[in-house]
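Q: Quick one: structure below, then a few questions.
The values are calculated or read from the model by the stated rules, or taken from the named source; none is laboratory data. As the structure is a computational prediction, the values presented were derived from the model and not from experiment. All Cβ positions, even for glycine, are placed from backbone atoms using ideal geometry, and neighbour counts span all protein chains on display.
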């Protein structure tokens, strides 16, 4: 085994697998050990103090590239609600005051929007994916998944705000889609697919 050639700023093995699947059609010879997660190289995440998704993605990728000496990819994403001026945005994971409390975040947002009628419940998931190499290359690609916010959660798949966002053109919530259906239209899928051509020269 030659060892990793690209590291993704996540401790979630499912996200690493998703990036491998996006790259595999472009790089048929891609090995499992070519693309790994931050947990595989023993790095800790930096403080995410950027005010945009792109800033947070870049600071995570920069820190990981500096720590490992490898090209690094990171993403940052969240929910942007039209009537809230784009909030929660970069604060999506801690909207209720505690980082990562999905249920509290979701319940607070639904309460804030309780009196907002459906025509004004537009929202979208947004994602910025960044590539940083030790040689100084920096690339950011972005993707969105537009939709409408439901008045109550539906579905058990996904995470975060998935149960309350109904993607445009869908009757189901994001949490009711299969992983393959969601990846085909998701903000993260779009951002990573846009970033993929920049990764091919590093891995080919």
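Q: Starting from the stretch 28-56, take each residue that is on the phi > 0 side of the Ramachandran plot and list its partners that are surrounded by fewer than 11 Cβ atoms within 10 Å (Cβ to Cβ) and not in a loop (DSSP other than H, G, I, E, B), counting only C-beta distances under 8 angstrom and pairs at least six apart or across chains.
A: Cβ pairs passing all conditions: none.
Q: Give the residues of the stretch 108-119 that are surrounded by 15 or more Cβ atoms within 10 Å (Cβ to Cβ) and not in a loop (DSSP other than H, G, I, E, B), sorted by residue number.
A: 108, 109, 110, 112
Q: Another question about this same structure. If you go through the stretch 61-81 one residue at a time, how many are out of contact with any helix residue (DSSP H, G or I) (no Cβ under 8 Å at 6 or more places or on another chain), over 18 Å from residue 194 (Cβ atoms) and part of a helix (DSSP H, G or I)?
A: Just the residues of the stretch 61-81 that are out of contact with any helix residue (DSSP H, G or I) (no Cβ under 8 Å at 6 or more places or on another chain), to begin with: 61-63, 65-66, 69.
Still in the running and over 18 Å from residue 194 (Cβ atoms): 62-63, 65-66, 69.
Imposing the further condition that a residue be part of a helix (DSSP H, G or I) reduces the set to 62-63, 65-66.
Count: 4.
Q: Among 78, 122, which is the only one that is surrounded by fewer than 20 Cβ atoms within 10 Å (Cβ to Cβ) and within 20 Å of the chain's Cα centre (by Cα)?
A: Working: 78 fails: surrounded by fewer than 20 Cβ atoms within 10 Å (Cβ to Cβ).
Of the residues listed, the single one that is surrounded by fewer than 20 Cβ atoms within 10 Å (Cβ to Cβ) and within 20 Å of the chain's Cα centre (by Cα) is 122.
Q: Another question, if that's okay. Residues in the stretch 178-189 that are surrounded by fewer than 21 Cβ atoms within 10 Å (Cβ to Cβ), within 16 Å of residue 124 (Cα to Cα) and either in contact (Cβ under 8 Å) with a residue 60 or more places away in the chain or over 13 Å from the mean Cα position of the chain (by Cα) (or both): how many?
A: Qualifying residue count for the region: 3.
Q: When the stretch 22-38 is examined, which residues are found to be surrounded by fewer than 16 Cβ atoms within 10 Å (Cβ to Cβ) and in contact with a helix residue (DSSP H, G or I) (Cβ under 8 Å, 6 or more places away or on another chain)?
A: Across the stretch 22-38, the qualifying residues are 26, 32.
Q: Still on this model: Here are some residues: 147, 169, 135, 157. Which one is under 18 Å from the mean Cα position of the chain (by Cα), farther than 18 Å from residue 80 by Cβ and either at pLDDT 95 or above or assigned to a loop (DSSP other than H, G, I, E, B) (or both)?
A: Just a single option satisfies the conditions, and that option is 157.
Q: What's the number of the only condition in (1) out of contact with any strand residue (DSSP E or B) (no Cβ under 9 Å at 6 or more places or on another chain); (2) over 25 Å from residue 70 (Cβ atoms); (3) part of a helix (DSSP H, G or I) that residue 200 fails to meet?
A: The one condition residue 200 does not meet is (2).
Q: Mind listing whichever residues of the stretch 9-19 are closer than 17 Å to residue 187 by Cα and not in a loop (DSSP other than H, G, I, E, B)?
A: Once the filter is applied, which keeps residues that are closer than 17 Å to residue 187 by Cα and not in a loop (DSSP other than H, G, I, E, B), the stretch 9-19 yields 14, 15, 16, 17, 18, 19.
Q: Right, another one. Is it fair to say residue 68 is buried (at least 16 other Cβ atoms within 10 Å of the Cβ) and on the phi < 0 side of the Ramachandran plot?
A: yes
Q: Could you run through the stretch 147-177 and say how many residues are touching a strand residue (DSSP E or B) at 6+ places or on another chain (Cβ under 8 Å) and touching a residue at least 40 places away in the same chain (Cβ under 8 Å)?
A: Number of matching residues: 6.
Q: Under 6 Å by Cβ, and 6 or more places apart or on different chains, what pairs join a residue from the stretch 97-126 that is more than 22 Å from residue 167 (Cβ to Cβ) with one that is not in a loop (DSSP other than H, G, I, E, B)?
A: From residues that are more than 22 Å from residue 167 (Cβ to Cβ), the pairs are 99/93; 100/93.
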